[in-house]
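Have a look at the structure below before the remarks.
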Amino acid sequence: MVTPMRVGHGHDTHRFGEERPLLIGGVEIPHPIGLVGHSDADVLFHAVTDALLGATGQGDIGEWFPDTDPAHKDQDSRELLADVVASVRKLGAEIVNIDCTIHAQRPKLSPHKPAIRESVARTLGIPADRVNIKAKTGEKVGPIGRSEAIVADAVVLVSMEGT
Ligand code: CDP
Ligand code: ZN
């Protein structure tokens, strides 16, 4: 019998350019400039949300929360992710673990990784040891390396045993 597991992948990009807090995984990171976006532009929460939707075959974040909808203007992305976590639970699925990579030349994220890990784990309702946060620079090349944007990737494993 094959263990009923599902993998999901999420990817998101936001460019720098707005005077607002820089939020990564719900954690405010001190930086002179924030990210542009219709919601609060939390690039990591968006990637995690898409990974969960992918694992459970529920489409993508734009289908759930259209960025043309004024209701989602400046919205707290933790709330969007919490809605999707609730839908995953409703399907009887359980989040096994999640692995994330944040691509950013600046700011330096290593001091903030523990807080981001705790924040993501809390929002997913799983222990922090099932969440991993990695950071990479862009080696000073391309839009990441020139600090024009931040990109986040997330891979999640979901157990469907309860479904
Ligand atoms: O060494 P390698 O080229 O694989 O990675 P890097 O992009 O040079 O990043 C080296 C280290 O810096 C990693 O361990 C990251 O955790 C850390 N880093 C960081 O703290 N903040 C960033 N914005 C990017 C990377
Ligand atoms: Zn986004």
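Derivation of every value follows stated rules applied to the coordinates shown; laboratory data play no part. Remember, predicted model here, so these are calculated numbers, not experimental data. Cβ: placed from backbone, ideal geometry, glycine included. Neighbour counts: every protein chain shown.
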Among E139, E118, which is the only one that is of a type in the set (D, E), over 18 Å from A47 (Cα atoms) and without any contact (Cβ under 8 Å) to a residue 12 or more places away in the chain?
E139
Would you say V158 is in a helix (DSSP H, G or I), closer than 16 Å to V7 by Cα, more than 14 Å from the chain's Cα centre (by Cα) and among the aliphatic types (A, V, I, L, M)?
no
Please state which of the following conditions C100 fails to meet, knowing it meets all the rest: (1) over 23 Å from E18 (Cα atoms); (2) touching a His at 6+ places or on another chain (Cβ under 6 Å).
(2)
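Name every residue in the range 114-140 that is within 19 Å of T13 (Cα to Cα) and in a helix (DSSP H, G or I), in order of residue number. Break it down into steps so the answer makes sense when it comes.
To start, the set of residues in the range 114-140 that are within 19 Å of T13 (Cα to Cα) comprises 116, 120, 133-140.
Across the range 114-140, the qualifying residues are I116, V120.
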Evaluate the range 82-98: report whether one residue or more is acidic (D, E), in contact with a helix residue (DSSP H, G or I) (Cβ under 9 Å, 6 or more places away or on another chain) and closer than 18 Å to D40 by Cα.
yes
For the range 132-151, how many residues are under 26 Å from V96 (Cβ atoms) and exposed (fewer than 15 other Cβ atoms within 10 Å of the Cβ)?
2
Within the range 22-59, how many residues turn out to be buried (at least 20 other Cβ atoms within 10 Å of the Cβ), among the charged types (D, E, K, R) and more than 16 Å from ligand 2 (Cβ to nearest atom)?
0
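Looking at the range 114-131 only, could you name the residues that are surrounded by fewer than 18 Cβ atoms within 10 Å (Cβ to Cβ), over 19 Å from K90 (Cα atoms) and among the basic types (K, R)? Spell out how you get there, then give the answer.
So the first thing to find is which residues in the range 114-131 are surrounded by fewer than 18 Cβ atoms within 10 Å (Cβ to Cβ), and the list is 114-115, 118, 122, 125-130.
Imposing the further condition that a residue be over 19 Å from K90 (Cα atoms) reduces the set to 114-115, 118, 127-130.
R130, the sole residue that qualifies.
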